[in-house]
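To start, the structure itself, in structure tokens.
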Amino acid sequence: MSDFCDYYDTSKFRPQHLKMLEKINVLGPRFAERAVKHDKEASFPTEDYNDLREGGFLKLVIPEEFGGMGFNLGEYATIGAEIGKYSGATALTFNMHTSSMMWLRFMYEMPNLTDEERAAFGRMRTKQFPKVVNDGAIFSQPISEGGANWTSDPIKTNCRKVDGGWVINGFKKFASLAGNCDYYSIVCTEHFEGIEPRHEDTMDFAVHKDCDGLSIVGEWDPIGMRGTVSRDLILKDVFVSEDDLMMPAGVFGKTLSQWPHMMATLTPAYMGVAQSAYDFTVEYLRGETLGQPPIDRRVYPTKRAAVGRMFQRLTEMRTLWSTAFFEAKAFPTKAEVMRLYAAQYSVMEGVQELAALAIRTCGGQSMLKTLPLERIYRDSRCGALMLPYTTEIMEDYLSMMTVYDMDNIDQVNTDTASARISMWRPAA
């Protein structure tokens with residue numbers, strides 16, 4: 001298995017960052033060994049999370065003043081990718097937890113918040129961060145609702161004000177960590193009598209796993225990322241109070257287009273999966289695959305050429321991707337955002353290409369379930385489908401931003417519902 005020093009210029013990394021990357025190299029082989037069982041059973045990698053909690057990873061992006069590690073987005077991304085190199089499902093679910101903490105951290109720092117919003121946000125951080133830092137809580141972040149595109153229409157799950165708080169009703173599809181987290185970060189739209197639902201009324205609450213009215217339903221038997229256990233959530237008259245708020249009303253929509261890098265945090269898992277496809281191919285051709293005869297397949301020039309193409313594609317992906325994440329910030333420039341969108345597209349499409357080329361290069365035996373490449377191939381297919389930045393949405397964003405001025409984009413007619421509520425906008 002490759003080492004992170006093989007593909008990053010670590011001279012630019014902080015000592016704390018290097019320490020956490022080194023921890024993953026120690027924990028990673030355990031993740032890889034367990035991944036076989038969790039993929040077969042479609043079960044959650046609880047032991048991986050015990051290791052992540054013990055290693056301090058759950059508080060990776062939480063600010064230092066709250067007892068966290070204060071890592072930036074680029075540092076988190078490289079760690080997520082290292083986890084994905086060993087277990088794609090563990091990396092993907094780890095992102096769901098970390099993203100919940102990112103919103104509390106980075107959206108609070110947005111310069112376009114009012115004083116009232118920032119003060120309210122500050123109180124919420126004092127309620128939510130200690131759950132992770134002191135109690136080791138795991139958060140999930142289910143947003144998708146099945147058949148509804150939350151990047152175009154207001155989120156269908158709704159809340160209504162009642163005495164002492166709100167009542168939530170709705171449905172969440174593909175709720176990763178279902179039944180295996182402590183809190184669900186439920187994004188919903190507050191409804192008011194006589195007013196159509198609006199993006200401006202988006203709310204976010206930390207809903208405890210054992211609260212009344214929350215139920216987990218449906219089977220979980222997908223083609224890939226089976227260890228995410230992304231079953232469905234039903235929320236029926238779930239009561240929440242101000243203590244459960246994770247961001248002030250409307251802040252989600254207010255910041256979504258101005259902190260676009262935070263919506264691309266599914267990519268680290270798939271960057272790691274891409275690396276694992278390449279690593280397996282090299283080991284296999286060298287005759288170093290565990291449990292397999294030591295057959296040297298490097299003698300075939302076609303196989304050498306193919307692995308050379310894999311290295312070129314992987315390096316191209318990682319360079320663009322790491323550049324985009326290390327320059328992440330609120331209110332980025334158009335050039336920075338276009339690099340981000342291009343990186344998202346490159347990773348989600350490239351991981352599939354690399355996994356397919358790995359199978360073609362290694363041959364039919366690599367497709368056996370006794371070897372990890374078959375799982376890697378299935379996992380690789382899932383990323384391009386995930387909102388808010390699916391492959392099709394990235395193609396739309398990039399094409400519009402190249403041929404139109406930003407102030408004209410909203411006037412362009414489209415035949416289908418636009419997903420442009422999550423598209424970057426220049427700072428006013």
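Label reach from residue 37 (point 7 Å along Cα→C-beta): in segment 67-111, amide nitrogens under 18 Å belong to 86-91. Rolling a 1.4 Å probe over the protein heavy atoms of segment 178-217, with every protein chain left in place, gives an accessible area that is 45 percent carbon and sulfur. Secondary structure note: in the chain, about 85% of the DSSP beta bridges are antiparallel.
The modelled label-to-label distance for the pair residue 370/residue 309, using points 7 Å beyond Cα in the direction of Cβ, is 2.9 nm. For residue 427 and residue 395, the difference between the fully extended length at 0.36 nm per residue and the C-alpha to C-alpha distance is 9.3 nm. With helices as the sole contributors, the chain gives -14500 deg cm²/dmol at 222 nm; each DSSP H run of n ≥ 4 counts as -39500 (n - 2.57), and the sum is divided by every residue. Short-range pairs are left out: with C-alpha atoms under 8 Å and at least six residues apart, the relative contact order of the chain is 17 percent. The residues of the chain present an accessible area of 42 Å² per residue when probed at 1.4 Å with all protein chains retained. Normalised by the number of residues in segment 320-419, the mean separation of alpha-carbon contacts (under 8 Å, six or more apart) gives a relative contact order of 26 percent.
Between 147, 253, 350, the residue with the greatest mean-square fluctuation in the GNM of the chain (Cα pairs under 10 Å linked by springs) is 147. Between residue 283 and residue 196, the distance separating the two model label sites (each 7 Å from Cα on the Cα→Cβ line) works out to 5.5 nm. The GluC sites (Glu not before Pro) of segment 184-263 that DSSP puts in a loop, and whose beta carbon has at most 13 other beta carbons within 10 Å, are 193, 219. Of the listed residues 115, 48, 405, 163, the order by accessible area with a 1.4 Å probe, largest first, is 163, 115, 405, 48. Coupling constants for segment 195-201 follow from the phi torsions by the Karplus curve (6.51 cos²θ - 1.76 cosθ + 1.60, θ = phi - 60°), and in residue order they are 10, 5, x, 10, 4, 5, 9 Hz; glycine and proline get x. Loop-located trypsin sites (Lys or Arg not before Pro) in segment 67-174 (DSSP state other than H, G, I, E, B) with a sparse environment of at most 13 neighbouring Cβ atoms within 10 Å are absent. Once the Cα-Cα distance is subtracted from the 0.36 nm per residue extended length, the residue 408 to residue 215 segment shows a gain of 65.1 nm. Averaged over residues, the count of other Cβ atoms within 10 Å places the peptides 353-366, 223-236 in the sequence 223-236, 353-366, highest first. Charged neighbours of residue 398, selected by a Cβ distance under 13 Å, balance to -1 (K, R count +1; D, E count -1).
Around residue 426, under 13 Å between beta carbons, what's the net of Lys plus Arg minus Asp minus Glu among the other residues? With Lys, Arg at +1 and Asp, Glu at -1, the neighbours total -2.
The overall shape of the chain, judged from the alpha-carbon gyration tensor, is prolate: a/c is not under 1.5, and a/b is greater than b/c. Going by a ≥ b ≥ c, the root eigenvalues of the Cα gyration tensor, does segment 287-428 fall in the rounded group (a/c under 1.5), the prolate group (a/b larger than b/c) or the oblate group? Prolate is the answer for segment 287-428, as a/c is 1.5 or above and a/b outweighs b/c. For segment 109-122, the Karplus equation 6.51 cos²θ - 1.76 cosθ + 1.60, evaluated at θ = phi - 60°, returns couplings of 7, 4, x, 9, 7, 6, 4, 5, 5, 5, 5, 5, 4, x Hz by residue, with Gly and Pro reported as x. Averaging the sequence gap over all C-alpha pairs within less than 8 Å and six or more residues apart, then dividing by the number of residues, gives segment 30-95 a relative contact order of 25 percent. For segment 390-401, backbone phi angles converted through the Karplus equation (6.51, -1.76, 1.60; θ = phi - 60°) give residue-by-residue couplings of 5, 4, 5, 5, 5, 4, 5, 4, 5, 5, 5, 6 Hz, Gly and Pro being listed as x.
Using a probe of 1.4 angstrom, how much of the accessible area of segment 270-428 is carbon and sulfur, in percent? After summing per-atom areas, the C and S share lands at 58 percent. Remark: spin-label model distance residue 72-residue 22 equals 2.2 nm, labels positioned 7 Å along the Cα→Cβ axis. Amide H contacts of residue 246 (H built 1.01 Å from N, in plane; Pro and chain starts excluded): 204, 205, 206 sit under 5 Å, all sequence-distant by 5 or more or on other chains. Put simply, segment 3-112 fits an ellipsoid with semi-axes of 24, 18, 12 Å; these come from the alpha carbon gyration tensor as the roots of five times its eigenvalues, largest first.
Cβ-Cβ distance of residue 127 and residue 153, R₀ of 25 Å, FRET efficiency by 1/(1 + (r/R0)^6): the value works out to about 0.25.
The values are calculated or read from the model by the stated rules, or taken from the named source; none is laboratory data. Keep in mind it's a predicted model, so treat the numbers as computed, not measured. Every residue, glycine among them, receives a Cβ derived from its backbone with ideal geometry; neighbour counts consider all protein chains shown. Note: areas computed on protein heavy atoms with side chains; ligands, DNA, RNA excluded. Shrake-Rupley method; radii C 1.70, N 1.55, O 1.52, S 1.80 Å.
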